[in-house]
Every structure is written in structure tokens, then in C-alpha cells.
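To start, the structure itself, in C-alpha cells.
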Amino acid sequence: MLANNGRSFNSQIFRKSRNLGKDFHTPKKGLNLFKNIEPMFDDTNISDNPLTVLPPVKPPRRLYTLAEYLRKEERSEELHEYENGIIIKLPMARGPHNEITMNTATALNIAFKSSSRKYRVFGGQQLIYMPKLNISRYPDILVICEAPQYFDDNQTLLMNPILVVEVLSKSTRSYDRTGKFDEYKTLASFKEYVIIDQNKPYVETRFQEKPNVWAFEEFTDMDNSIALKSIDCTISVKDIYNNIVFKV
């Protein structure tokens, strides 16, 4: 009984093993068993050379709060602007840039002596803050009327300029003409933008005639007078470029 059962059991195993052999046959030539299997990782950028130095992975840029930026800026020997968490170092200005800025501020202050309104001129170390964008900028010159309005208690972030002046530099001229203008337009008080080229006689004004409508004027002659409509005064191109020698 045991012997017979053993022979029967062995024969069953043999038959099953033969059937399994049919299932696990050698694949036909050209059959790709892995065509539908996706690779676990992308090795296209991995070199076979063990001495290859892979580029370092840049850590994510740290974002700062506005308060952190102001604390850092107060201790810094250089000027930085703030863009919604990002701190950006400002390039150094050339001599003609600084002289044109001072000339323009002086011309404005002289013009305001005959004005019936109390206009005030601020220089290039006064921050403008745009709350809607969480951005602060250092314009070259800004003008306010009557009392300044600050975002913070330390009177650092001014929010009510009427007129802003930017002297174009090589590294910032494109952004001064477009990006900054759009940023300043988010301030309800902002009515006029003045762009001054430091390499040639060229002054451009942009005045808000009504909401979303800005009038552009260009001045390229040293004898031109520039009427600044937002502050009701006139300055000359000659005064802006006083003592400036242009390269031929």
C-alpha cells in the first residue's frame, strides 16, 4: 500500500513537473520581457567614468521676512532691496549717476521755493514700500506732498511718493523702464515717473492723466524745460546735466 502510493505520488510529481516545463519555456527570439517595465531611476546623466565630478545641487534660496530684511539692512554697509522674501544687493553707482541725482534733487528743491504747497524731496537712501507686492525699492529721488506715510514705526518704508526719479544705469536700465514702473503704479499716491539717461541728454516723463492712462514725453535738447505736472513745477535739462561731460 505504501509502495503503491509512493509510486503514484512520484508519477504525479513527474507529470506536474513536465507540465511546469511547458509553462516556463525559453522565450522566443526577439521577445522583450521588459518592454513594459519602466526604469526605477533615470541614469542618463550618470557617467561611467568614476572620476567624473557631478554638478553640486543648489540648496533652496532662503526667504526672509520683511522684519528680518530691515534688521539686516540696518547693519549692512551696502544697500539691498527686498522682493517678497528675497534680498537683492544693489550695484555700485558711478560718479555721473550720483552727480545727476544731486543736480535733479537740487533743481526740484529750488523750484519748490515758489510753490504754495509743501513738497519734500528724498534722496537715494529712502526706501519705498509696495504693500500689495511686498517689495521695497531704493529710488534715486522721490517727492511727497505734506507728511510722509510710513509702513513701519521706525519710519523706514515710505508709501506715498507722488513723483519718482530713476537715473538709468547699465545694469538696471531695462528694469527701471518697465518693471519698477509697474511696481510703483501699485501705490495710489504715485502720479509721475521721470527717467534720466546718464550717458546722453535724455529725459523721459510719464504722467498719469487718469486711471490707467499715462502720457509720455521725451526731452533731448539741453535747452528744454521739463514741466512736471504732478508737482506743478518746471526744471531744465541743463540743470539736470550741470557739469556732466558726455563721452563722444
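The values are calculated or read from the model by the stated rules, or taken from the named source; none is laboratory data. This one's a predicted model, so the numbers in the text were calculated from it and none came from an experiment. Cβ coordinates were reconstructed from backbone atoms using ideal geometry, including for glycine residues, and neighbour counts include every protein chain displayed. The protein model used for the area step is the full one, side chains on, heavy atoms only, and it has no ligands, DNA or RNA in it. Shrake-Rupley method; radii C 1.70, N 1.55, O 1.52, S 1.80 Å.
Determine, yes or no, whether residue 204 is under 25 Å from residue 111 (Cβ atoms) and either out of contact with any Gly (no Cβ under 7 Å at 6 or more places or on another chain) or in contact (Cβ under 8 Å) with a residue 40 or more places away in the chain (or both). In short, yes. Checking each residue in segment 56-100 for being over 18 Å from residue 134 (Cα atoms), of a type in the set (D, E, K, R) and either surrounded by fewer than 12 Cβ atoms within 10 Å (Cβ to Cβ) or within 18 Å of the chain's Cα centre (by Cα) (or both) picks out 58, 74, 75, 77, 78. Take segment 155-178 and flag every residue that is farther than 22 Å from residue 108 by Cα and modelled with pLDDT under 95. 170, 171, 172, 173, 174, 175, 178, listed by residue number.
Residue count for segment 146-193 satisfying the condition of being part of a loop (DSSP other than H, G, I, E, B), touching a residue at least 40 places away in the same chain (Cβ under 8 Å) and within 22 Å of the chain's Cα centre (by Cα): 6.
Residues in segment 84-107 that are touching a strand residue (DSSP E or B) at 6+ places or on another chain (Cβ under 9 Å), under 29 Å from residue 202 (Cα atoms) and not in a helix (DSSP H, G or I): 88, 89, 90, 93. Anything in segment 108-137 that is part of a loop (DSSP other than H, G, I, E, B), of a type outside the set (Gly, Ala, Ser) and surrounded by fewer than 17 Cβ atoms within 10 Å (Cβ to Cβ)? List them, or say none. Those that are part of a loop (DSSP other than H, G, I, E, B), of a type outside the set (Gly, Ala, Ser) and surrounded by fewer than 17 Cβ atoms within 10 Å (Cβ to Cβ): 113, 117, 118, 125, 131, 132, 133, 134. Among the residues examined, residue 235 does not qualify as open to solvent by less than 10 Å² (accessible area, probe 1.4 Å) and either aliphatic (A, V, I, L, M) or at pLDDT 95 or above (or both). With (1) in contact with a Ser or Thr (Cβ under 7 Å, 6 or more places away or on another chain); (2) open to solvent by less than 10 Å² (accessible area, probe 1.4 Å) as the list, and residue 202 as the residue in question, which single condition is left unmet? Failing condition for residue 202: (2).
Taken over segment 162-181, the residue count meeting the criterion of being within 17 Å of residue 129 (Cα to Cα) and touching a strand residue (DSSP E or B) at 6+ places or on another chain (Cβ under 9 Å) is 8. For segment 119-145: of the residues being over 16 Å from the mean Cα position of the chain (by Cα) and of a type in the set (Gly, Ala, Ser), which is farthest from residue 67 (Cα to Cα)? Checked segment 119-145; the qualifying residue farthest from residue 67 (Cα to Cα) is 123.
Of the residues 189, 230, which single one is farther than 15 Å from residue 100 by Cα, surrounded by fewer than 18 Cβ atoms within 10 Å (Cβ to Cβ) and among the polar types (S, T, N, Q)?
Numbers: 230 fails: surrounded by fewer than 18 Cβ atoms within 10 Å (Cβ to Cβ).
After applying the criteria, what remains is 189.
Quick one: would you say residue 70 is out of contact with any Lys or Arg (no Cβ under 7 Å at 6 or more places or on another chain), assigned to a helix (DSSP H, G or I) and farther than 22 Å from residue 169 by Cβ? Yes.
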